[in-house]
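Undergrad: Can you read through this structure? Questions will come right after.
The values are calculated or read from the model by the stated rules, or taken from the named source; none is laboratory data. The shown structure was predicted, so the numbers you read here are calculated from the model rather than taken from an experiment. Every residue, glycine as well, gets a Cβ built from its backbone with ideal geometry; the counts of neighbours run over all protein chains shown.
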Amino acid sequence: MSYKTRIGILIGFIILFLITTPLVVLYTAGYRWNEKKLRLEKVGIIFLRSRPSGAEIYLDGKLRREHTPARLRNLLPDDYEVKVAKPGYISWSKELPVESALATFAEGIVLWKDAAPEPLQLSPEAALNQNEQGQLARPDPLSYTVNGEHFKSDGFEIWVESKNNAHETVTRLSEEIKAIVPYVDSGWIIYETKNSIHAIERDGRDVRNDITLVNGANLHGLAVSSDGKTLYYLSGDDAAPQLWRRTLQ
């Protein structure tokens, strides 16, 4: 090998080093090339936690290898359509923003069991514990206080008043709301109308997930077990109501 060839190879290695080293440093620091914006941007992250855990994750329609709880890393700043699904449960989806060098959190995901209600051949006094009976027969079914937060409804709107008196409107309906119950410190509220029971999330990013849990007629009374696994409600005539159970988790 001639002297000129060796010098040429050495210069080539130096040039390659000068080019690749900054790229490696930028990659290690979390920078990626954004083809949409034609520039380098620092990536962000999405953190997902669901109840129950172990759910599949879809990002912009593509199945990821991670299961909840999970961190989706190295995401360029953008809006992403996120879906969380598990067999036997109603899936959750929402468009979430990712910002440069920041983390986006969705930790209040609840996947509701896809189950049909079943009638119980027992009275509420025989089938429910004292806490559940108390929920079912609350004097004011449109008001609930837990952990310093006040969940309220005027019959058509549901809102939350926090400890610092902040007012958060969750939903407004044209149909009359009969009862509300916050769902076990999860960021969801279960509400009842005359003919249906729903679970709505407080997360106001994109569109709130509003899941129909029960369709029925002349519904009244609403209770959730302390472990959050079971929903109880009444239907029919007030004088001789039918007690129902619906599995949530």
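Undergrad: Within the stretch 200-207, is even one residue in contact (Cβ under 8 Å) with a residue 12 or more places away in the chain, under 20 Å from Lys94 (Cβ atoms) and among the basic types (Lys, Arg)?
TA: The answer is yes; a qualifying residue exists.
Undergrad: Does at least one position in the stretch 176-184 carry a residue that is under 30 Å from Pro87 (Cβ atoms) and either touching a Gly at 6+ places or on another chain (Cβ under 9 Å) or outside the structural domain of Lys229 (by TED's automatic domain parsing) (or both)?
TA: Checked the stretch 176-184: at least one residue is under 30 Å from Pro87 (Cβ atoms) and either touching a Gly at 6+ places or on another chain (Cβ under 9 Å) or outside the structural domain of Lys229 (by TED's automatic domain parsing) (or both).
Undergrad: On to the next question. How many residues does the stretch 90-114 hold that are touching a residue at least 40 places away in the same chain (Cβ under 8 Å) and not in a strand (DSSP E or B)?
TA: 5
Undergrad: Say we look at the stretch 168-201 and pick out the residues that are in contact with a strand residue (DSSP E or B) (Cβ under 7 Å, 6 or more places away or on another chain) and among the polar types (S, T, N, Q); which of these is nearest to Ala115 (Cα to Cα)?
TA: Checked the stretch 168-201; the qualifying residue nearest to Ala115 (Cα to Cα) is Ser196.
Undergrad: Another question about this same structure. Which ones in the stretch 127-180 are farther than 18 Å from Lys194 by Cβ and touching a helix residue (DSSP H, G or I) at 6+ places or on another chain (Cβ under 6 Å)?
TA: Listed by number, the list holds a single entry, Gln133.
Undergrad: Is at least one residue of the stretch 225-244 buried (at least 20 other Cβ atoms within 10 Å of the Cβ), among the acidic types (Asp, Glu) and either over 22 Å from the mean Cα position of the chain (by Cα) or under 30 Å from Glu95 (Cβ atoms) (or both)?
TA: No, because not a single residue in the stretch 225-244 is buried (at least 20 other Cβ atoms within 10 Å of the Cβ), among the acidic types (Asp, Glu) and either over 22 Å from the mean Cα position of the chain (by Cα) or under 30 Å from Glu95 (Cβ atoms) (or both).
Undergrad: Sticking with this one: Kindly establish whether His150 is in contact with a Phe, Trp or Tyr (Cβ under 6 Å, 6 or more places away or on another chain) and part of a strand (DSSP E or B).
TA: no
Undergrad: Moving to a separate point now. Name every residue in the stretch 160-175 that is over 12 Å from Tyr191 (Cβ atoms) and in a strand (DSSP E or B), in order of residue number.
TA: Within the stretch 160-175, Val160, Glu161, His167, Glu168, Thr169 meet the criteria.
Undergrad: Here's a follow-up. In the stretch 52-89, which residues are of a type outside the set (Lys, Arg), under 16 Å from the mean Cα position of the chain (by Cα) and not in a strand (DSSP E or B)?
TA: Pro52, Ser53, Gly54, Ala55, Thr68, Pro69
Undergrad: Please work out if Val207 is within 17 Å of the chain's Cα centre (by Cα) and of a type in the set (Val, Ile, Thr).
TA: yes
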